[in-house]
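I'd like to ask you about the structure that follows.
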Amino acid sequence: MRSKKIFSFDEKKDAEEIITNGFEKGIDYSKMYVVAKYFRSISGFGAIRLERELIKFCKTQDANFNPIVEAEQIKKWVNAAMKFSLRKIDNIIITQKEINFLKEIENGKDRKILFMTLVIAKALKYRSTKKDKIDLKVSDNYYIHYNNFLDIIRLTKLNNFTEIDYCLLLNKYLKYFTVYSAEKELIRIEYVDKETEGIIIDDLDNTLDFYNSIFNNKEKNIKKDIKHCVVCGTLIVKKSNNQKSCPECSIKLERERKKRWKDKK
């Protein structure tokens, strides 16, 4: 399994699941970055104690785990945990203009990749997990890094689509990207609409459900599935005919309903 860090919208949840259930097929070295950050966050371990805990955990997952052989990899996990906090992204916003742009992409595979590229770029925006942010400059633009290629492909669940295929796709739609020098490993997304109002995607682990509801049938009227929340006016994708409010307002309405019921009792 790859040892690069895997992008996650909710690293705390992922780490807790791994610690509770373990790995399915041996230690996933890429996911150990999340485990390391989790141990660091709940215990405040220093580098030496954290290293011991990671070795101990790995041995519970694989009796043949050799900390001497894997010393360099363990060091990477520890360094990541000392420098970065756990990432948790609650939601992102996709605007109508961005949806309209994607609807113009005729190739379904290309459209799905461009959509997920947009999702990752928005998830990364203002979501730095670096602990020392003193010198961190926040740009008005949206970017992805080269190490996000595999994450984008993984999240689209496309079979037989490789990083080379992704690079070819970038070249095909090059006018919608700004590719920086190879040393920066950075790509700016030019089809991002920087408006702050749009459709909230709050179930990011199931982002493809949103994609499928919008793009799978290009003949249907997209406005049929997009409505304004009756409370705050935010655009939402309807998951049922009875849905009238966004998730946040639905929670508030339910609390108010329970309070009225309690007062009545």
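The values are calculated or read from the model by the stated rules, or taken from the named source; none is laboratory data. Just so it is clear, the model here is predicted, and its values are computed rather than measured. Every residue, glycine among them, receives a Cβ derived from its backbone with ideal geometry; neighbour counts consider all protein chains shown. These accessible areas exclude ligands, DNA and RNA; they are computed on the full protein's heavy atoms, side chains included. Shrake-Rupley method; radii C 1.70, N 1.55, O 1.52, S 1.80 Å.
Every residue in the range 23-75 that is free of Cβ contacts under 8 Å to residues at least 40 places away in the same chain and among the basic types (Lys, Arg), please.
Initial filter on the range 23-75 (free of Cβ contacts under 8 Å to residues at least 40 places away in the same chain): 23-28, 30-31, 42-72, 74-75.
The answer is LYS25, LYS31, ARG49, ARG52, LYS56, LYS59, LYS75.
Could you tell me which residue of the range 11-33 is nearest to the chain's Cα centre (by Cα), considering only residues that are aromatic (Phe, Trp, Tyr) and in a loop (DSSP other than H, G, I, E, B)?
TYR29
Which residues, counting only those in the range 42-57, are modelled with pLDDT under 95 and crowded, with 18+ Cβ neighbours inside 10 Å?
PHE45
Right, next: Assess whether LYS5 counts as being modelled with pLDDT of 95 or more and open to solvent by 50 Å² or more (accessible area, probe 1.4 Å). Please lay out each step first, then the result.
Numbers: modelled with pLDDT of 95 or more: no; open to solvent by 50 Å² or more (accessible area, probe 1.4 Å): yes.
No: the conditions fail for LYS5.
While we're here: Could you pull out the residue among ILE226, ILE214 that is modelled with pLDDT of 80 or more and open to solvent by less than 80 Å² (accessible area, probe 1.4 Å)?
Numbers: ILE226 fails: modelled with pLDDT of 80 or more.
Only one candidate passes the filter, namely ILE214.
Scan the range 137-176 for residues that are of a type in the set (Asp, Glu) and open to solvent by less than 40 Å² (accessible area, probe 1.4 Å) and jot them down.
Just the residues of the range 137-176 that are of a type in the set (Asp, Glu), to begin with: 140, 151, 163, 165.
Selection gives ASP151 alone.
Please indicate, with yes or no, whether at least one residue in the range 34-41 is under 30 Å from ASP202 (Cβ atoms), open to solvent by 50 Å² or more (accessible area, probe 1.4 Å), of a type outside the set (S, T, N, Q) and not in a helix (DSSP H, G or I). Give the derivation first.
Filtering the range 34-41 down to residues under 30 Å from ASP202 (Cβ atoms) leaves 34-41.
From the residues that got through so far, the ones that are open to solvent by 50 Å² or more (accessible area, probe 1.4 Å) too are 40-41.
After this cut, where a residue has to be of a type outside the set (S, T, N, Q) as well, the list is 40.
Filter once more, keeping what is not in a helix (DSSP H, G or I): none.
For the range 34-41, residues under 30 Å from ASP202 (Cβ atoms), open to solvent by 50 Å² or more (accessible area, probe 1.4 Å), of a type outside the set (S, T, N, Q) and not in a helix (DSSP H, G or I): absent.
Could you please let me know if ILE92 is among the hydrophobic types (A, V, I, L, M, F, W, C) and touching a helix residue (DSSP H, G or I) at 6+ places or on another chain (Cβ under 6 Å)?
Working: among the hydrophobic types (A, V, I, L, M, F, W, C): yes; touching a helix residue (DSSP H, G or I) at 6+ places or on another chain (Cβ under 6 Å): yes.
Yes; evaluated as a whole, the condition is true for this residue.
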